[in-house]
Structures are given as C-alpha cells and as structure tokens.
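The values are calculated or read from the model by the stated rules, or taken from the named source; none is laboratory data. What you are looking at is a predicted structure, and each value in this text was computed from that prediction instead of being measured. Quick reminder, even Gly has a Cβ in these numbers, built from the backbone with ideal geometry, and neighbours come from all protein chains shown.
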C-alpha cells in the first residue's frame, strides 16, 4: 500500500513542481529547469509571478509526504491521505473555476476581495497530473480505511469514473440547463424559466379542437408512441420468424439488424424522398399504373414515422430476439402436456413471458424517436418535434439558447420519465424464465395464424429495407439520381480522387480530410469507450457500495440528453479555463466516449451478470489483484460484450452528427458534418457516394473486429445478444 | 518440492458486519488453533458465510479485529491475505485448462511458468487427478471439479484454507467420500481449515471443533462430542443431531450432574449450570428405547405398569434396514425415536413403554 | 517447493497496477498537454458553400503561405459557436453568411472593428454593412431574394412563371409553394422582413396568411426549397436567387425570378473575431477576401453571388442586380434582436399555428 501511495505522491509533486501548470504554453520540456511565467510549474509560477493562489496546492502534498515518510504517523496515513487528497482536489478545482483568463471569473469575488491583477489559463499537464494524484491519494485513503473491501483499485476506479462523469457529463449539462432561466442579460430568473417551460407553442392542444397544429411536446410524444408501437410489432415479428420458424435466411436478418446502425444520418430520409416524394420513383409508378394522384404525403408525420421505423426496428428486433430465445421451451411443453393447444399455449404462456421484452423494445424506440434529429429535419415538413426545435432555437433566426435549454429540460424529463416507468414496470414483476442451460425442450411451433402474420409483416419489410439500401448504393453511381440515372463514377472521384504530384501521392478528393479525421477519432474513442464502459459495468455489477443505484442512473444520463444539447453544452463548458478543449480533437473523443459509454455499460452489465461472482472472488483469494482478475478472468469471458462495445462506439463515432456539429473545428472536420453540408447544398450524389463508402468501411471494420475476437465464443458459452441501443443522432 | 503447510491460527475479536441497520455478524469472538479444522455450522442466514468471507477478506468487518497468525488483517484486502478458499460453485475458470486453473494463483503471484506448472501437477497428483491437467473444467465430473478447486487452493500453501459448503453440489455417496478425503488431506498436511456447512452430520464428521452460529451470533463452540452431548441451548440441541424437546423440572444439582423430574420419572443428566426450576430436556432419538406394553411392564413389580418408562402409542413405524424409526404419541407430546432393534419391531397402533437410556439427554434452558 | 519460494501475494501485481495506471496517466497528460490551438494557422468559419470555402482557403494559402483551417457552418451555427466561445475565442475570421448575424455579433461586441484600405472600391451596400456594424463587419457579396420554379412542371401544367409576390397567391399555386421557416432560417427571415418593408407589417402578415394556403411546407433550411423545386417536390420556392441558379447549373429544370414589387437581399459579410490570436494573418485574409482576386474564387466554384468589390469581375450567370428591383432594406432596424424576436413570435402565432 505504501509504495503505491508513494508513487502517486511523487507524481503529484512532479505535476506541482516540475511540469508546466497551464495548457497552451506547454513548449517547456518536461524535465528542463522550470522557468517562471505561464510556462512554469505551479511552484515556480506561484512564487515568482504573483499567482499566489497556486501555492496552497503544496499543503496536501506536504501532509501526504509527512504521513508517508515519518514512521510515527503511519497509523494516521489513510485518514490523512483522504483529507489531503480531498482538500487538494477541491482547491485545484475551486481556484481553476474562480480565476479565469482576466482575473476573477465571478463578479462577486472581485467585490469581496478586490480586483485581481492577473488571470490564468486552462489546466495543463502539471495541473492534470496533480489533480489525478490527489484523486488517487484520496481513494487510496478511502481504501486504507477499509471501504471498498480495502481494494485500492476499486476505490480508485470509482473515483476516476465519478470524477470523469462529473467533469464531462454534469459540468457541461449543468452549464446548459442553467441557461434555461437566462434573462438575456446574464442574469437568472425563475419567471423567464417558467415562461419558456410553459410557452403555448410547446403545450397547446389546438389540433384537437380546431385546424391548428398542436404543441411540440404533443407532436413529439405522439410520434414517439407511434414509432414505438410500429417498431415493437415489427421487431416482434422478426424475432418470431428468426427463432420460432424454419425460416432459412436468418443470416440476412442479421445483416438487416446491422445496416441501419451503420447508416450515416439523412441517408434513409434521402432515399425515402427519392422513392416516395412527389417525384419519387414509386409515386410516379403508382400514378402511372393505378392513377393514384401524386401528393406530398411523405413530408410530415408519415415520412418521419416511416424513416424512424426503418431506423429503429432492428434495435427492437435485437431486444425481442433475446426475450423470445430466453423463454424456456419446457414451459411451453409443460403447457402442452396440460392439454393446451398451440394457440392457447401461445396466448397463455408465450405471450405473457414476452411482455417485458415488448415493454423494453417499446421504451427504447420511444426514447430513440424523441431524440432523433436527422429524420424530422429532412422529412418533418410542418410537423415540428422537440429535437429539431431545440436545434433551431440555438442556430435559427431566433438565437435563443435559453429557450433551447428549456426545451432540453422538457425533452430530458420525457426521456427520464420513460426510463422511470420502465424501471417501475419491470421492477414489480418477475418473468424469470431461463433456468440455465439445461433446458432441452424443443421450442414449440407458432400457431398458424401468428406464423402467417409474422411472415406477412416481416418479409415485406425486410425486402423494403433491402431495396432501399440497394438504391442507396446504386444512387452513388448515378449522374443525378432521380433525374438522370446514367451511371458514373463522378461522385466517387470527387470524393476520393487520388493524384500523383511531384511530391508523391496527393489525396486530392474532397472527402479525404474529413474521412481521415473521422477514422482517427473513431479508432481512438472506440477502445476508450469500451474500457470506460466495461470498467463502469464491472463496478456496477461486482462492487457494492453506497449510492450504486444513483451512480448507475448518472451514467445513463448522457444517453438521454439529445445530441444537440450535449454539443452546445460542451462548447460552453470546455472553451475556457480551467478545462480548455475546444478546437482540439480531444473534445470530439471525450464527447463520443461519454455519449456512447452507456451502451458499453449496458453490454458489460448484461454479460457480466452472467459470470458467476465467485469466479472473481476466487481469483482474489488466489492472490490476484483486481487488475489481474479483470485481465485474466473477466475480460476473456467478456469477449462478446467487448466486441459489441467496440463495434458500437466505433460506428457511432462515425455516424453521429448532432452532438458534434458544434464541436467540429476547421482542423477536425468529421465525415457526417461534411455530408450534411452536401445535403444542404442539394448535392445528393456526393453525399450518397460518401455515405455508401462509409457503410462499406464500417462493415469491413465490424467484420474485422468480429473475426479478431469472435472465435473465442465457439463451443462453450452461447453469445447472448447484446442490446445495442442506437443513439440519437 | 512438496506442498508444505504454513498453517496459522485465526482470531476474531468482537467482529461485526453490518449492512445498514441489520447485522449479519454481531460482535463475534473466537479463535482457531493452527492446524485444526473448524466448522462454522448453522442454518442459512445465520452469518456463517459472512464470517468465512471476512476471514478471506471478501467482506470487510464493520467493527472489531481479525488476526491471522497473530497479525492484524482487519483492513487487508483479500489479495494481500494468505488465505485461499474452495467455493460452493467451485468457481473454476471455464476458459482455462485444469492445469492453468491450478497454476493460476502461482502465476499471478509471479512464480515462473515452469515452476508453477510443476507445482500445479503436484497439486493435482495430491487430489488424485494427475494426468487431467489439459482438460477443460467442463469436461470433468462434479467430484473431479471439486478436487481441482481444492488443488488450486492448496498449491498456494495458504495460512488458512477455507471451504464454503464445498460438498453441497454432490450426491450423497460422493459427499461422504469427498468429506473423508478433505479431512485426510487436512490432517496429512496439517492445514488450518475453516469449513462452512449447514449439514450437521458433515460438521460432526470432519471437524476438530465446531462453531454453531444462529442469528448473527455464536450459539456454542466445542468439539463435536461436546456439542452433541452437552448442548447449551434449545437451538443447538435441536440443530445438532435433532432432539425431542420435553418440558422438565430441574430439582437438584451436584457432582457434575443434575437431577431432572419428568412426570413421575427422575433422570440424571449432565449439569447444565442452570438454576432449579423449569427446563427443557433435549432427548436424542436414539436415547429412547421401546418395549411393547405388557411384555414385561407388569412383571417388574411397579404396580402402575410404568416403572422407569412412560406409556406411549406408536403412531408410525418405519423400517430402514439398519434401524427402526418410530413416531410416538405420549403425555409429553409427540416423540421421534430411532431404535436399532429391528428384530422385534413394535407395529403402528400398538401401545408401548418408552424408556430413557442414560446417555443422550441434556437439559437446556426453556 | 522450498520455503524460498514462499509466496507473498502482491509483489508482482503492484508493478502491474502501477504500469497500467501509468499508461492511462500518460494518455491523460498527453491529452491535456495538447496545445489548444496551433499558432500560425488561421482559423476561419465559412458561411458559404463548401466548394467556395475550400477554394478561397487554397487561394489564400497559395498567395500568403499562411495555412487556413476552414470550417463550413451555417450562419446560426457559426453565431452559436462564436457566442459560446466568446470568453476565449478559437476562431480568427468569420467569412460569409447573411449580414444579420454579423450585425448581431457586432452588437454583442464579439467582433473587432477594422478598416480596409480597399474600402473605397466596395459597393455601397457593402459599405453600409460596414457603417451599420460600426466598422466591425463588411460586405463581401450580395444575394437577392427571389423565386425559384420548376420549368418542367410549369410547362406541363401550363402555368405562367411567378413574377411578383402577388403571383404567389394565385390559386393555381395552391400547395405548390415552399419557403423556409423564418424561425429556423435566416433566408426566410429576410423574406419576412422584406415583405414587412414592402407591404407594411399588417399588410405583410395579411399577405403571409393568404400565402399560407398555398405553402405546402415551411422547411428548416433556407436553401431546401430550391432543392425541392429542382426535384419537382414543389413548383415554387422562395429562396436566395443564387441558390436557385446553383440547382440550374447542377442540371435541374429550374429558373429564377426576382419579384416585380421589389425584393430584399442579404449582404454576405465578414468579421474579424475579437480575441483573435493571429490578428495579422486575419487582416491579411480580410484584405484578400475583399480583393478582386479573392472575390473571383466564387465564380470559379460556380457560386453566383454579386461580388462587393466594384473591380471584381461579375460572373455572367449571376443575377443582374441592375435588373432586380432592390428595396432599400433597413438592416439596422430589422437586424436588432428585439425586432427580430417580435416579428418571429408574431409569425409563430399568426402563421405557424395555422399551418397544416
């Protein structure tokens, strides 16, 4: 224990005395003699430049040094480390927030203490290292007092995850939500907040009584309910076909589930317009053949509902297939031996057991629909929903971020409400059906009527999806899709041209820059997301500590916040000291990690709950530490979950748009932001060509990841379908 | 190379484990001598497993002090304690071969791979599984898996070896064999072992000493013999070996025995250290013998026909080969009797005379 | 095993834990230490089409050797980002996009005043943007508001092309007109303000209420009606004329017209951000963007706005501003936040609420 605390203590001193404390001026080599001024360490700068507020950082470091080095004080070490670490962290944070670029960050501090002659920049390497050192000294102290079973790793990991969530979820969200009561002049007023929350265009119900449009909340909720019902029914039909019938092409269904997840935003909407728009292929054909008059029915509720159903059915399928597979066949066999017919068995046993899955699938689609931004943007017509309204409150002609924040609060409440309802509903009833692997009954065939209904729903829909994707791939090769369908490579060349210049290869295509950044960001954020997510899952499943339920809830928070709100909040929070990240690639990675983490956590929790806890306890008693246990026992058994989180976070980093549209900087442009620009310009050809290339790229990466880690699953444990929850774009 | 013992004693001083306001273990103190096998016995929920896990370091005590080998380990995490455990579910790592499972603890402790493999082979040999090293745990039978788990715990030469209901997943015959094997191994290697079970027969069979726990506290500690013959409470008497509990009256004590009046009978029992007055008699099922009524009752001259026994009616008689089991109705309530006399059983419905043998009766507080 | 091999359980693990912690730490420090912004690179938010953004960046780089990092942002996104970054700007120049948000940024003190030596060469409307923003912004191009219509569909239905605002109320255009939602799009706000200036406020809302019967959709993006007209999704769109011409160049059967009653326009503007860390490079870019050479990049990439430098060549495809009856658009009044908010809420209440 002592050596480990000593290492962190030493690193704390290094951060305080040797490394440059501030960011941006980090030209100073780490081990050169520290210079005064902003390039210097906190110690030098504090002594020579008048930034006296940096000096108290030394106090907890001295305290920790004393209790570690003096044998007489050893007994008090844990308590001292705890107190010192906590004080150090608090002081570093407090001075960072209180003193900005030009002195006091908050006016009342200036009024209290008089003006400050100089300010300070954002945290740099020194500050980061010292803060980290304080965090781990604190958690070591905690563990030393016997909390967390005395396990320093667990304590440290919880501390790290909590600190990261506080910094990268709470802080930004707090910034943006506090803006909901902004009066426009920098003040906060409850009246302004109330006026925004209760605005008539949000809540009015005039569509019921007269020919007016309803409030945006009702629109959103109605759309979400419809989408939830449609996707749940389709998902159920697919799951029944996949599990309970002799349907051969189950692999195709698998492909179907992956496609929408790897589809960049807007693409499905574009394809739907080109098929069903007033000038769409299908529309014209129907008019020619059956005389159905052309109309714009696709713009508005029907179009959004259609595209959302296309996009979210696979998720619902993934949820439902797990549930349908999980129903122990012997239960149904038991029912049949009790003289129930197939139909009666289905109605009295199978269906009730599927109900939690149905509820789950419905609620996931419900939340996805609420947060979806791309489809209503393109196809919404005059049907306004919350997610687009928030976006345009920020970027539209109104320029009213306060309104966006207020609408964000409403959207957040709707999502959290749905989560809460789900929890209540699932918490009260027990539908445990899987007794383990030993159920050797044969799943009973579906009743005839249900079977026909399932086929009749699932197969046309699958065919429709495939046609749509075929068209998308094809569209990239047409001169001007829908207008001039002659084949061309023009769009691909424009995007991905290569030429040979005097200095070698020139990436002359227009898409290369954003493509490389996108791949870099995705490749960096995917393993980090998986690591943070699985670590959090490990803490949630394996460690019992006070407030675990709240902790779990907090980790889910960033999932329910619409991307646009997250994007704005990140700029607000991380553009100025103490944490200055805007304009860097770091902010993109951090945003993706914390946005996609909840899915990783869910996958990890699901997989880890299946691994008997005694395995890791046993490893502990055999002398392996938590790190060793995770590496040697848990990770090898978690391969499916690792694959799921890697794939998911990689793919989401490529296809997300709403969260990053404010975060991409000139240097770090992302593929989707670029594609959206092309769509706005009406340059569908390039947009579709680029999207197709991304779809192919992601398929290859998914195949590679599965190939690399997949074989471990063969034989022993059947992979459990991991619930991939698609994020709002 | 051989597997040696580093056996150390364990001591609990006023140890508690609380979850919120409920205590799973409440102010428990005991000590376990090095080289002995001590069983924690009790019904489920009594705190025995929590106690075991506190020895392992898998649970942290909320109060009190835990010493292993005289060293305070109260705040030491499991990893840093030299204690290993055999789990109820065996907890074999499914993705590792048997040999890798057994070598695991050695490898993570930094022993070179080759040495670890050699010692693992030795450990497997010790439990009679030499040559099974390359199999996967799923390819072994339940009993074999159990042995692998024991070998894995042994090769680390722990100061204390813990068993958490190790036999509960095995069938009756295998249980008996495994429990003998474990006891033999423990004695051969001189290990300090703590063994958790809710099966009193298993506890009696393997233990040097037994700690009986009930409702988060220790009910009684002693050798199997002491606990069986001199239970100090109604709970212990009933839990260990089963007992017919009959109201009686303690009338006199002296010379290590006490005299108890039961109806018209007087019985001599070991001194329970209780004041005179109402007590409970715990009568073992095999401490009662049956005589058919009238067979010799009248002859023995007791005019009332009861003499040293009480009249009973046989409600149920079950033939079990080596002995008879009887359910009786008497003035003291229903009695359960095990009688080795299978040659002349008393049929159901008959009346009989129940007599008490000197041994197997104890007085406990009401 | 001899006693020499006695096992202390954690000797090896410690080093492992430190190793892995060290790795994570290294990564964190590397992230934190990354300089927030490379010095010497000019960061530009670009409000026009991406091709043009790229072309002017390359041309400037070629000329000066200063690297340009260019990001295409719609006007609203750009303003939102600049506001959010105001405490510590990361952007040097905001180039292009309608003049209103530039004025708003100037009003909020987010941009710097700068006078270019080329000021005298600029068109009067470009200079008026300069004056209204107190020198904090200048016009780089102008685009007039107009109609885009699908010639194929018009021919098929034998409907005459719309030439005036009043034409849009004709019954044959029922359900055939698209415009953007002024709450979302600066283009549509320009249209709203233009109508208010031509017809008076009540007259304008009266007109819009009647127009509402003919509008099939209020889109979210300003240029979306042009794309819709190009794809025959609608007959007529109210857009900036250069957006319509863009679709025409792309090979769609559309044409544009300027309303006979007069029309408003946007002044595509440029501002230098307050707090820029590269003031010299920013000024160099500013000058380049105003020079005939810099303004020619628009036509080179088929963008047909009117250049603001009188010396710049006017692309032949560009709508002839002389042929367009421009109103004297009062940017001062209709650019302020209160007026904007007032008109938009009235539009929301009077028009949007009764939209289909």
Subject >> Subset of region C:307-321 (residues that are at pLDDT below 85 and over 16 Å from residue C:266 (Cα atoms)) >> reply: C:313, C:314, C:315, C:316, C:317
Subject >> Among the residues listed as B:290, B:267, B:281, B:274, the single one being modelled with pLDDT of 80 or more, in a loop (DSSP other than H, G, I, E, B) and either under 30 Å from residue B:225 (Cβ atoms) or not assigned by TED's automatic domain parsing to the domain that holds residue B:355 (or both) >> reply: B:274
Original post:
Under the condition of being touching a helix residue (DSSP H, G or I) at 6+ places or on another chain (Cβ under 8 Å) and in a helix (DSSP H, G or I), which residue from region C:149-170 is surrounded by the fewest Cβ atoms within 10 Å (Cβ to Cβ)?
Top reply: C:157
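For every residue, the table says whether it meets (1) surrounded by 24 or more Cβ atoms within 10 Å (Cβ to Cβ); (2) within 13 Å of chain C (Cβ to nearest Cβ).
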position	(1), (2)
A:100	no, yes
A:103	no, yes
A:108	no, no
A:118	no, no
A:127	yes, yes
A:130	yes, yes
A:137	yes, yes
A:141	yes, no
A:144	no, no
**OP:** Name the residue, out of C:54, C:73, C:9, that is at the interface with another protein chain (Cβ under 8 Å from one of its Cβ atoms), modelled with pLDDT of 70 or more and crowded, with 16+ Cβ neighbours inside 10 Å.
**Re:** C:54
Subject >> Selected residue (criterion: surrounded by the fewest Cβ atoms within 10 Å (Cβ to Cβ)) from residues of region C:221-246 that are closer than 11 Å to residue C:187 by Cβ and facing chain A (nearest Cβ under 8 Å) >> reply: C:221
Original post:
If you check B:79, B:39, B:84, which single one turns out to be more than 28 Å from residue A:155 (Cα to Cα) and touching a helix residue (DSSP H, G or I) at 6+ places or on another chain (Cβ under 8 Å)?
Top reply: B:39
Subject >> Where residue A:159 falls short, out of the listed (1) more than 33 Å from the chain's Cα centre (by Cα); (2) away from every other protein chain (no Cβ under 11 Å) >> reply: (1)
Original post:
Tell me, which helices (runs of 4 or more DSSP H) lie completely within region C:274-356 with 1 or more residues that are over 22 Å from the mean Cα position of the chain (by Cα) and over 30 Å from residue C:207 (Cα atoms)?
Top reply: C:279-290
Original post:
Residues A:662, A:650: which one is within 14 Å of chain C (Cβ to nearest Cβ) and either at pLDDT 70 or above or in contact with a strand residue (DSSP E or B) (Cβ under 6 Å, 6 or more places away or on another chain) (or both)?
Top reply: A:662
Original post:
Of the residues that make up region A:384-393, is at least one part of a loop (DSSP other than H, G, I, E, B), at pLDDT below 80 and closer than 23 Å to residue C:221 by Cβ?
Top reply: no
Original post:
Failed condition for residue B:46, given (1) within 14 Å of chain C (Cβ to nearest Cβ); (2) part of a loop (DSSP other than H, G, I, E, B); (3) buried (at least 20 other Cβ atoms within 10 Å of the Cβ), with all others met?
Top reply: (1)
Original post:
Tell me, which helices (runs of 4 or more DSSP H) lie completely within region A:92-193 with 2 or more residues that are in the same structural domain as residue A:42 (by TED's automatic domain parsing)?
Top reply: A:107-113, A:125-144
Original post:
On the given criteria, is residue A:288 at pLDDT 80 or above, in the same structural domain as residue A:416 (by TED's automatic domain parsing) and loosely packed, with under 15 Cβ neighbours inside 10 Å?
Top reply: yes
Subject >> Members of region A:284-310 that are touching a residue at least 12 places away in the same chain (Cβ under 8 Å) and not in a loop (DSSP other than H, G, I, E, B) >> reply: A:301, A:303, A:304, A:305, A:306, A:307, A:308, A:309, A:310
Subject >> Positions within region C:160-181 being closer than 27 Å to residue C:98 by Cα and out of contact with any strand residue (DSSP E or B) (no Cβ under 8 Å at 6 or more places or on another chain), in sequence order >> reply: C:164, C:165, C:166, C:167
Original post:
Among the residues of region B:11-34, how many are touching a strand residue (DSSP E or B) at 6+ places or on another chain (Cβ under 9 Å) and at positive phi?
Top reply: 2
Subject >> Residue satisfying all of: in region C:193-220; facing another protein chain (nearest Cβ under 9 Å) and closer than 23 Å to residue C:337 by Cα; surrounded by the fewest Cβ atoms within 10 Å (Cβ to Cβ) among these >> reply: C:220
**OP:** Identify, from the list A:651, A:605, the residue that is under 12 Å from the mean Cα position of the chain (by Cα) and either farther than 19 Å from residue A:168 by Cβ or surrounded by fewer than 24 Cβ atoms within 10 Å (Cβ to Cβ) (or both).
**Re:** A:651
Original post:
Residues in region B:189-199: is at least one assigned to a helix (DSSP H, G or I) and within 14 Å of another protein chain (Cβ to nearest Cβ)?
Top reply: yes
Subject >> The listed residue being in the same structural domain as residue C:58 (by TED's automatic domain parsing) and over 18 Å from residue C:137 (Cα atoms), out of C:316, C:279 >> reply: C:316
Subject >> region C:177-187, residues that are at pLDDT 90 or above and at the interface with chain A (Cβ under 10 Å from one of its Cβ atoms) >> reply: C:178
**OP:** Select, from A:294, A:255, A:225, A:243, the only residue that is surrounded by fewer than 21 Cβ atoms within 10 Å (Cβ to Cβ) and at pLDDT 85 or above.
**Re:** A:225
Original post:
Here are some residues: B:152, B:179. Which one is within 14 Å of another protein chain (Cβ to nearest Cβ) and more than 30 Å from residue B:21 (Cα to Cα)?
Top reply: B:152
**OP:** Give the residues of region B:73-94 that are more than 7 Å from every other protein chain (Cβ to nearest Cβ), touching a strand residue (DSSP E or B) at 6+ places or on another chain (Cβ under 8 Å) and either part of a strand (DSSP E or B) or at pLDDT below 85 (or both), sorted by residue number.
**Re:** B:86
Original post:
For region A:600-616, does any single residue satisfy the condition of being within 14 Å of chain B (Cβ to nearest Cβ) and touching a strand residue (DSSP E or B) at 6+ places or on another chain (Cβ under 9 Å)?
Top reply: yes
